[in-house]
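As structure tokens, the structure follows; a few thoughts come after it.
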Amino acid sequence: MEFTILFLGTAIVMLIAWRGQRPLALGLFGAVLIGCVATYLHHATDTLKLSF
């Protein structure tokens, strides 16, 4: 679910940047980037349950 939200956020940022509203696009890009890093860190710190 969070990956869908991040993808839609990225698409919205690209559409806003295409229309020429640079400050808004940069602000939203920063928010999406923080969301991406937070999602990565959330999944990178999960322990793997391996059974050999």
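Descriptive notes on the structure:
- Overall dimensions of the chain by Cα: Rg and Dmax, Å: 15.0, 54
- Excluding ligands, DNA and RNA, the accessible surface per residue across the chain is 90 Å² with a 1.4 Å probe.
- Between the Cα long axis of helix 22-44 and the first principal axis of the chain there is an angle of about 0°, rounded to the nearest 10.
- Folded to 0 to 90 degrees: helix 2-19 orientation relative to the chain principal axis, Cα: 20
- Counting protein heavy atoms only, the range 1-41 has 79 percent of its accessible area on carbon and sulfur, 1.4 angstrom probe.
- Estimated from helices alone, the mean residue ellipticity of the chain at 222 nm is -27000 deg cm²/dmol (sum of -39500 (n - 2.57) over DSSP H runs with n ≥ 4, per residue).
The values are calculated or read from the model by the stated rules, or taken from the named source; none is laboratory data. Model, not experiment: these values are computed from the prediction. Areas reflect the complete protein model, heavy atoms only, side chains present, ligands, DNA and RNA absent. Shrake-Rupley method; radii C 1.70, N 1.55, O 1.52, S 1.80 Å.
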